[in-house]
Amino acid sequence: MTKKYGFQVNNMDLAYKIILNFFPRTWLIKISLFLQPILKIYFKGNTFIDPIDGSSYRKFLPYGYKNIRKNALCPGTFSLERHRYLWLYLYKETNFINEKLKVLHVAPEQIFYKKFKKINYWNYTTIDLNSPLADIKADLCNLPFNDNTFDLILCNHVLEHINDHVMALKEIYRVLKKGGTGILQVPIDLDRERSYENNEIKDFKKRTEVFGQYDHVRIYGKDYFKLLASVGFDVNPLDYLASLDKKTCELYCLPKKEKIPIVYKN
């Protein structure tokens with residue numbers, strides 16, 4: 001039975017890898033809109049909870065381009081560990097959701113898009129080069145907004161895709177209001193001191209091997225926080241996980257180790 005179970009899991013992992021690596025993200029977003037309600041019913045149970053909408057499931061799904069993470073993807077909302085982690089911080093530790101804010105959301109995640117669109121207090125704008133969820137199609141390195149426009153900017157797991165991430169950060173800094181806040185998550189290896197990039201790596205398979213995903217152009221280390229400070233931000237690398245108990249982390253399937261990069265423009 002153990003061997004059979006291991007074989008089934010390995011094949012499932014392989015299937016997820018094939019889907020993630022060979023189908024365009026825009027197509028995956030569109031098809032997910034159809035699949036979500038079906039999966040939400042099929043996987044309904046009491047083992048795990050997605051705190052973003054309070055729905056509960058008998059299991060979460062594996063996810064990952066290189067290394068498959070067990071119980072990472074919520075089948076009914078398609079949230080990942082980092083989404084649930086960030087939501088808990090926003091909902092429990094800030095008052096952003098109840099404040100009148102002008103918000104820019106870069107490359108909007110589907111689960112957040114649905115929630116944020118319903119916040120009456122927000123003047124909410126989404127932007128991306130290709131996403132069907134974007135209000136405005138534009139390049140993060142050349143934002144079509146005036147200086148000091150937004151109170152809050154959300155840009156999560158975007159910078160690792162951009163060759164000139166310094167210019168992208170400068171643009172985020174430019175359009176953020178003085179006194180404003182940014183949340184700029186990226187995949188960070190907290191055991192790595194320095195970030196690594198190599199522009200000569202073009203092959204998708206090699207990029208996945210080196211950077212963790214076929215469309216990533218670098219892997220970030222702890223120096224990411226210094227990079228944020230170098231463009232002018234005040235930086236708070238928040239270890240919110242440290243304030244949560246083990247039971248909460250397991251119930252919501254949160255990341256094992258991650259800091260939330262919160263930045264301020266003063």
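Among the residues of region 101-135, those identified as under 16 Å from VAL158 (Cα atoms) and assigned to a strand (DSSP E or B) are LEU104, HIS105, VAL106, THR126, ILE127, ASP128. Contact map, region 130-143: residues that are outside the structural domain of LEU176 (by TED's automatic domain parsing) and over 19 Å from ASN163 (Cα atoms) paired with residues that are of a type outside the set (Lys, Arg) and modelled with pLDDT under 95, Cβ distance under 8 Å, separation 6+ or inter-chain. No pairs are found. Look at region 37-59: where a residue is more than 17 Å from LYS114 (Cβ to Cβ) and a partner is of a type in the set (Asp, Glu) and crowded, with 18+ Cβ neighbours inside 10 Å, sitting 6+ places away or on another chain with Cβ atoms under 9 Å, you get SER56/ASP50; TYR57/ASP50.
Of the residues PHE112, PHE150, the single one that is in contact with a Gly (Cβ under 8 Å, 6 or more places away or on another chain) and either more than 21 Å from TYR264 (Cα to Cα) or without any contact (Cβ under 8 Å) to a residue 60 or more places away in the chain (or both) is PHE150.
Counting only residues that are in contact (Cβ under 8 Å) with a residue 24 or more places away in the chain, aliphatic (A, V, I, L, M) and in a loop (DSSP other than H, G, I, E, B), region 173-215 holds 3 of them. For region 41-93, the tally of residues that are assigned to a strand (DSSP E or B), more than 27 Å from ILE219 (Cα to Cα) and not basic (Lys, Arg) stands at 7.
The values are calculated or read from the model by the stated rules, or taken from the named source; none is laboratory data. No experiment lies behind these values; they were computed from the predicted model shown. Quick reminder, even Gly has a Cβ in these numbers, built from the backbone with ideal geometry, and neighbours come from all protein chains shown.
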